[in-house]
Amino acid sequence: MTLTALTAVSPIDGRYHSKTSPLAAYFSEYALIRYRVRVEIEYFIALCELSLPQLSDIDTSIFSQLRSIYENFTESDAARVKEIEQTTNHDVKAVEYFIKEKSSAITHFERYKEFIHFGLTSQDINNTSVPMSISEALNDVMYPLLDELIAQLNAFAAEWHDIPMLAKTHGQPASPTRLGKEIGVFAYRLSEQVRQLRACPISGKFGGATGNFNAHYVAYPDIDWQAFANKFLKEKLGIEREQLTTQISNYDNMGAIFDALRRINTIIIDLDRDFWMYISMDYFKQKIKAGEVGSSAMPHKVNPIDFENSEGNLGMSNAILQFLAQKLPISRLQRDLTDSTVLRNVGVPFGHTIIALQSTLKGLRKLILNLEKLNDDLEQSWAVVAEAIQTILRREAYPNPYEALKALTRTNERMNADTISRFIDSLDIAENIKQELRQITPQNYTGKKNK
């Protein structure tokens, strides 16, 4: 079968292709090859700018021609690299040969071409290409979606700022809260974790066959190659250089990125489950779209499928992120090849996460607030003001206030406004304190209102 959205093995490239297609520019085989070509060409240009004797007379006007190779990189170019790879059986060497082949059309370039991939090993290319792809995918795809989700949550938090809601701790009625504040909790948590994700260094390895610049120093012993590499990665590639490595990246910073993403995903799972529960409690209804079916057998159903879809995809993402974070920093001696095949899956958890983010946003935007149900639950739960009453009684040095409220409320009889009122009337306290207690209701006992 021809590979299409219908025949793809992974739902990322199949069922959900329309949602994940933006990631192809960062994590596809085409993208990886394009990033490799970019690193190789920028490295060659950096060597020219270093004024090595053999490159000192190069015409710098050709730099734009060289950059056009990756700037205008096509799928046909990627296919040519794969064709060369069939002979070399080495993907990075195929990139080197492709660049030499493409640059052959540049006048007088022939005598400089051996400085393409000069002194490097394949991991100098891979371990800069992949971090660049992660950095740019985060900036271009992930952060905008996360910012959109946080903005939506903040908008709901503001809109529903003053709406009281019965809290549930251990699944039981607890001191009332406000709907806007509870949604604001998720916006706050996500904002904090996105800030930590943005603070994670994005770094790469660049140091030759075993990380010591052996080939560089044997050819040009008087050049500070560490300083050169630090500057090259920071200024040309936009990432930091890991100062001591083996043949491959240490992957510790990449692991930190994956762990940070996993924490973000976990918060969204928590959000998905809470809204799923709120819908099941009838605090929210869902907008109905003409023609949609909730159940193949039960016509009345409108299921919270968007939150369920998000939760499932986030679970898939987290499983892979956890494996990546745990596996990549481990390699036998100076290098084994296990990281190579693993790195090709970096885009998979990104794919599941952006599917989830879009589903969560879709679910949130289908919500219809059911104020009547929220208020009804509060009216049915007058026992929750017991904390407020016993706290004021403590303030007034009333004897055993907790025990008095415990005896009143821990029964199987439903409490209501009259029950609480009669209890207040029975207390041996000043009338002004009784009046203070009578002002407390499930609707107004909601604590400080955050700005």
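Values in this text are rule-based calculations from the coordinates and carry no lab data. This is a predicted model, so every value here is computed, not measured. Virtual Cβ from ideal backbone geometry, glycine too; neighbours counted across all protein chains shown.
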Can you give me the Cα centroid spacing of the range 102-155 and the range 357-385 in angstrom?
45
HN-Hα J in Hz across the range 162-176 - Karplus 6.51, -1.76, 1.60, θ = phi - 60°, x for Gly and Pro
9, 8, x, 8, 5, 7, 10, 10, 6, x, 10, x, 9, 3, x
Kirkwood-type radius of the range 311-451, with distances r between different C-alpha atoms, in Å
20.5
Can you list the equivalent-ellipsoid semi-axes of the chain, largest first and in whole Å, using the square root of 5 times each Cα gyration tensor eigenvalue?
62, 25, 17
Going down the table (Lys102/Lys234; Lys285/Lys448; Lys181/Lys287; Lys287/Lys373; Lys93/Lys231), which pairs top 20 Å between alpha carbons?
Lys102/Lys234; Lys285/Lys448; Lys181/Lys287; Lys93/Lys231
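Taking a ≥ b ≥ c as the square roots of the eigenvalues of the Cα gyration tensor of the range 108-148, is the shape rounded (a/c under 1.5), prolate (a/b larger than b/c) or oblate? Working shown, then result.
Values: a/c = 8.75, a/b = 2.78, b/c = 3.15.
Cα axes put the range 108-148 in the oblate bin.
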Relative to the longest principal axis of the C-alpha atoms of the chain, give the angle of the C-alpha long axis of helix 29-49, reported between 0 and 90° and rounded to the nearest 10°.
60
Here Rg/Rh (Cα, Kirkwood) for the range 347-387 equals 1.37
Could you give the alpha-carbon Rg of the range 49-91 over 2.2 N^0.38 Å, rounded to two decimals?
1.60
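Based on the Cα atoms of the range 127-251, what semi-axes does the equivalent ellipsoid have, where each is the square root of 5 times one gyration tensor eigenvalue, given in whole Å with the largest first? All intermediate terms of the calculation are to be shown ahead of the outcome.
Values: eigenvalues 494, 41, 18 Å².
Taking √(5λ) for each Cα gyration eigenvalue gives 50, 14, 9 Å.
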Per 5 Å bin, what is the whole-percent P(r) computed from every C-alpha pair distance within the range 37-140?
2, 11, 22, 24, 21, 12, 6, 1
Can you tell me which of 243-251, 66-74, 30-38 comes out highest on packing, and rank the rest after it, using the mean Cβ neighbours within 10 Å?
30-38, 243-251, 66-74
